Amino acid sequence: MDHHLVTGKPGNSRNGYGRKTVTTRTGKIELEIPRDRAGSCDLALIAKYQRRFPGFDDKIVSMYARGMSVREIAGHVRELHGVDVSPDLISTITDAVLDELAAWQARPLEAIHPLIFFDALRVKIRDEGTVRNKAVHLALGVRPDGTKEVLGLWLEQNEGAKFWLKVMNELRHRGLEEVLLAVGDGLKGLPEATTAVFPEAMVQTCIVHLLRHSLDFVSYKDRKPVAAALKEIYRALDADAGLAALEVFEAGEWGRRYPAMAQSWRRAWSEVIPFYAFPSDGRRVLSSTNSIEALKAKLRRVVRARGHFPSDEAATKFLFLVLNRAEKEWTVPPREWAMAKTQVAVIFGERFTRAMT
């Protein structure tokens, strides 16, 4: 309005506000529309005589997905548009996403995913009057062409083989017939559940997570030289060379000073062995959960802004909206996938060829 009065005909001025009721997908809201005396200002947000405001709900959902609470959204809408929207109305608008969430969680999947990353994110949720830490488990699939897809999210306070078996059976019932490589970060019960449902799947632990976990036993001043010594293990040519390097590390200065480090590698060694099947050029995209870590970083930023959630349903709804926004940004596959795809085709042969057809 100020811009119109400056650039329009001289002598024109403000003339208070007029009331207008518009309809959204979830109900009616009343707006206060600024007026000018000449009646020549066209509204940028809602045109004259327009009675429907279909984009309002989408804007509310977008603000909610960016980490704003319902009361923050109500205050923002009041400052921006002069509209008093109750927190209950905003909750009603965001609750409309629940049907979409249920359909997304049950949607059919492609028969073969060459690569699936599994990871967990801790969120704070109010449960029976107490705020508890619960784990949100994510499955990020990579299609044969390299594009990524979030296969689902599951909220669980405790993980284990029983929980992961339920997840794998759900993926199977939704159409997933074969997994070539499953990568996790040491999630309890994941290897056993994966091979129980997908017997031919190769289960690989995330080397980055294993490295971080082993460095937790090291004092801060020693971390840099210890990390350099561990490179000899995960950069080895094959599994036999890696095991020999682990034995040398275990018998060396750092292995004797921090014996728990070598023990953590030995406990996970059966899930480390698949890592050595890939040449060094493809290990970056195939051997760590970097792809899902980038996704978790986005989730952490908005979850940190929210603090805690009032219920499991609110947490699931919010995370689904964030994931939905993130998936829209995945327009091209990772640049390392071209090299990795060639190596996967050589290692898995006809199993990967079937996925390409």
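Where a number appears in this text, it was derived from the coordinates with a stated rule and is not lab data. Just so it is clear, the model here is predicted, and its values are computed rather than measured. Because the Cβ atoms are built from the backbone with ideal geometry, glycine has one as well, and the counts that use them run over all protein chains shown.
If you place +1 on the Cβ of every Lys and Arg and -1 on the Cβ of every Asp and Glu, how big does the dipole about the Cα centre of the chain come out, in debye to the nearest 20?
Here the chain has a charge dipole of around 1280 debye.
How big is the Kirkwood radius of the range 55-182, worked out from every pair of different alpha carbons and given in Å to one decimal?
Mean inverse Cα-Cα distance, inverted, gives 17.2 Å.
For the pair S62 and T7, how long in nm is the line joining their label points, each one 7 Å along Cα→Cβ?
Distance between the two pseudo-spin positions: 2.2 nm.
Which of the pairs K9/K59; K162/K224; K166/K317; K188/K231; K59/K162 have their Cα atoms more than 30 Å apart in this structure?
The answer is K9/K59; K162/K224; K59/K162.
Out of S219, L321, L153, whose Cα points farthest toward the positive end of the dipole of the chain (charges: +1 Lys, Arg; -1 Asp, Glu; placed on Cβ)?
Of the options given, the answer is L321.
Under 16 Å between alpha carbons, and skipping anything fewer than 8 positions from K221 in its own chain: which aspartates and glutamates qualify?
E253
For the range 111-356, just list the percent of Cα-Cα distances falling in each 5 Å bin from zero outward, please.
Cα pair-distance distribution for the range 111-356, in percent: 1, 6, 13, 16, 17, 16, 14, 10, 5, 2, 0.
Could you tell me the ratio Rg/Rh of the range 128-256? Both radii from Cα atoms, Rh via Kirkwood.
1.05
Modelling each spin label as a point 7 Å along the Cα-to-Cβ direction, I'd like the R301/T147 distance in nm, to one decimal.
Roughly 2.4 nm, to one decimal.
Can you tell me how much longer the chain between T331 and R212 gets when fully stretched, taken as 0.36 nm per residue apart minus their C-alpha distance, in nm with one decimal?
39.8 nm
Determine which aspartates and glutamates satisfy two conditions relative to K134: a Cα distance under 14 Å, and not lying fewer than 8 residues away in the same chain.
Excluding near neighbours in sequence, the set is D119, E156, E159, D312, E313.
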